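For reference, the structure discussed in these notes is given below.
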Amino acid sequence: MSQDTTYKAAGFGATVPRGTRPAIVVVDFSYGFTDLQYPTASEATAQMANTKRLCDIARAKGFPVIFTTIAYHPGEIETLPWLKKATGMRALVEGSRLVEIDAATGIQPTDPVVVKKGASSFFGSTLAALLTGANTDTLIVCGATTSGCIRATVVDAVQSGFNTLVPADCCADRAKAPHDANLYDIQQKYADVTDTNDIQSWLEGL
């Protein structure tokens, strides 16, 4: 039995309903994850360009565009368990360039920036409140990295009550294998994995 057949037989991979009040969450497209001078970064030029295209359309239609960034106070660095495992993240200090959103995303002054301390954009943040306050019914998740903060955000989005879409060409990772594997798993269990053109057509039709 093939992998796809196994998942289908188990009842995975159904299509996610799409509502009429979408929002875009752009996860961690900060310089620490996009500028290759930093060891925590990955190549994301094309993914940011695709994300910008979707964000521009969403904004023009009055739909929320929300960015997230990981930023630590110096007093947190020696204490938080994640920074004992993922030691490279210690460089993501509040006020540094690494935690600023990359200008290539086209971020606007009106776009909220949610500061987080872990992988999921929802954990310990105001994201759920922002989305609920905007009556969001469908969430589009873009950003980095696919196998880390994108996956964690998507899982929490579904668990928070949002139908979720992931344009694969808006997501970046440091290696192809974890990128592909996590997109496959997301598609089977949590969200619809699609692309920029599909999301653009849907947004423009709303």
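The values are calculated or read from the model by the stated rules, or taken from the named source; none is laboratory data. Because the structure is a prediction, the values reported are computed rather than measured. All Cβ positions, even for glycine, are placed from backbone atoms using ideal geometry, and neighbour counts span all protein chains on display. Side chains included, ligands, DNA and RNA excluded: accessible areas come from the protein's heavy atoms. Shrake-Rupley method; radii C 1.70, N 1.55, O 1.52, S 1.80 Å.
Some points to look at:
- The selection criterion, being aromatic (Phe, Trp, Tyr) and open to solvent by 20 Å² or more (accessible area, probe 1.4 Å), holds for PHE63.
- Top-ranked residue in the range 165-194 [being in contact (Cβ under 8 Å) with a residue 24 or more places away in the chain and hydroxyl-bearing (Ser, Thr, Tyr); ranked as least open to solvent (accessible area, probe 1.4 Å)]: THR194
- Where PHE162 falls short, out of the listed (1) in contact with a Ser or Thr (Cβ under 8 Å, 6 or more places away or on another chain); (2) within 22 Å of THR45 (Cα to Cα): (2)
- Residues of the range 161-183 that turn out to be within 26 Å of THR136 (Cβ to Cβ) and either among the β-branched types (Val, Ile, Thr) or more than 15 Å from the chain's Cα centre (by Cα) (or both), as a count: 3
- Cβ-Cβ under 6 Å pairs, at least 6 apart or on other chains, the range 72-87 side in contact (Cβ under 8 Å) with a residue 24 or more places away in the chain, far side β-branched (Val, Ile, Thr): TYR72/VAL93
- Evaluated against (1) among the hydrophobic types (A, V, I, L, M, F, W, C); (2) open to solvent by 60 Å² or more (accessible area, probe 1.4 Å); (3) in contact with a Pro (Cβ under 9 Å, 6 or more places away or on another chain), VAL113 falls short on exactly one condition, (3).
- Extreme residue, farthest from TYR38 (Cα to Cα), among residues of the range 147-164 that are buried (at least 24 other Cβ atoms within 10 Å of the Cβ) and aliphatic (A, V, I, L, M): ALA157
- Filter result (under 15 Å from the mean Cα position of the chain (by Cα) and over 16 Å from THR145 (Cβ atoms)) within the range 72-110: ILE107
- Count of residues meeting criterion [closer than 27 Å to ASN50 by Cβ, not aromatic (Phe, Trp, Tyr) and not in a loop (DSSP other than H, G, I, E, B)] in the range 1-35: 10
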